[in-house]
Amino acid sequence: MQLGLACHVCGQLNALSAQACSRCGTVLAPAPVTGLGASGYPPTRGAPHDGHPPAGSTTPAPASRPAPAQDPAPVRDPAPAAAAADLEALETMPQQRFDPATGKPLSGAADQPTSGAAKTMFFGALQQQPVVPRLVVIKGEGGDGATYHLRGTTTTIGRNAADITFSEDPFLSPEHAKFTSQHGRLFVQDAGSANGVFLRIKKPTPLENGAYLLVGEQLLRLVHHPFGDGSPNEEGTYFYGSPRPVGEFQLTQLLAGGGEGRTVTADGASLSMGREGNTMNFPDDRFISGHHARLDASSDGDHVILTDTGSRNGTFIRITGAQELFHGDYLFVGQQLLRVEIA
């Protein structure tokens, strides 16, 4: 179906915007018409102006009551080519674009084709950039120091024979630790150092016999093996000694420069560490919290569980083998406290 303005004289269908009929020239939306006959009908071409319509002709609507141009009756047209052309012109017309923040039209936006506009990138593409792990040195007062980017697949840390060196640290071996990046994951491994690599625990961690702990400035070793049963020798003689402890494991203090200090036995299946009010106290260590950490025998008796009890400076264990690191981990390497950043 095609919409248009029908001429009230000849019936020709015209475009909605037409002012006059394309066939007979009749004004489709005229101002008040003058020169009408006495009866109000327009004079017919070639007929006398007597005020009456010619015989045999169809009487048109009076000029004083023309058909409203804005509400034409729909007329069927078997040839919709003109309407299709108008629709195509409308679809290809440049569209005005507006600023979403102010609502004002963008200058020059209407005359730019939309088919060649740049495609909007997904926000997630910003998160697909290569990840470069970093090590941040924590200074004595707790602030951040130097930052080292681990751009290579393997990066070593040591005193003087590594990629990252701390020549002033006498507790570092020449090549102390090795960091390896694999598919966005970071691992650390002891490179055969004298003092090892210590990782701060984030949750209760099972320990094996002989594990090393770092609590404040105290280096401790776990002794977890059954005591002798107190049986006599083959001659039936009992060994003389102090009463046997009832605890299931012990902690031994390791002194700077070598040698052992105190050895404390667990109170049954548990041993607490801190500055005061614990099974093992270190009142002169300013880096230990009042109640720093705790050791508990596991239910199967094969492990001892280490738990940090809300200390300020954390509890560290010496790693064995390759250890995966995560964002926010802390490491002690020699006297260097390092924070791991993988973001």
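Roughly how many Å is it from the Cα centre of region 212-283 to that of region 145-208, as a whole number? Cα centroid to Cα centroid, the span is 30 Å. Net charge in the neighbourhood of T265 (other residues with Cβ under 10 Å of its Cβ; Lys, Arg +1, Asp, Glu -1) is -1. At 0.36 nm per residue, and after removing the present C-alpha to C-alpha distance, how many nm does the segment from L3 to V132 gain when stretched out fully? Contour length minus Cα-Cα distance gives 39.8 nm.
Multiplying the residue separation of D144 and Q335 by 0.36 nm and subtracting their alpha-carbon distance yields 67.2 nm.
For a Förster distance of 56 Å, can you work out the FRET efficiency between the beta-carbons of I305 and R151, rounded to the nearest 0.05? The value I calculate is 0.90. Ranked by the mean number of other Cβ atoms within 10 Å of their residues, highest first, the peptides 257-264, 9-16 fall in the order 9-16, 257-264.
By the scheme Lys and Arg +1, Asp and Glu -1, what is the net charge of all other residues having a beta-carbon under 15 Å from that of S311?
+3
Once the Cα-Cα distance is subtracted from the 0.36 nm per residue extended length, the S298 to A269 segment shows a gain of 9.6 nm. Summing charges over all other residues whose Cβ lies under 11 Å from the Cβ of N160, with Lys and Arg as +1 and Asp and Glu as -1, gives -2. Under the simplified labelling scheme, the R312-E276 pair shows an inter-label distance of 1.5 nm, with each label point 7 Å from Cα along Cα→Cβ.
Along the axis of the charge dipole computed for region 279-343 (Cβ charges of +1 for Lys and Arg, -1 for Asp and Glu, origin at the Cα centre), the listed residues H327, L337, G301 are led at the positive end by L337. Take the Cβ atoms of N160 and D229, set R0 to 51 Å, and the FRET efficiency comes out at 0.50.
Read-outs throughout are calculated quantities, based only on the coordinates presented, and are distinct from any laboratory measurement. These figures come from a predicted structure and were not determined experimentally. In this analysis, Cβ positions are derived from the backbone assuming ideal geometry, glycine residues included, and neighbour counts consider all displayed protein chains.
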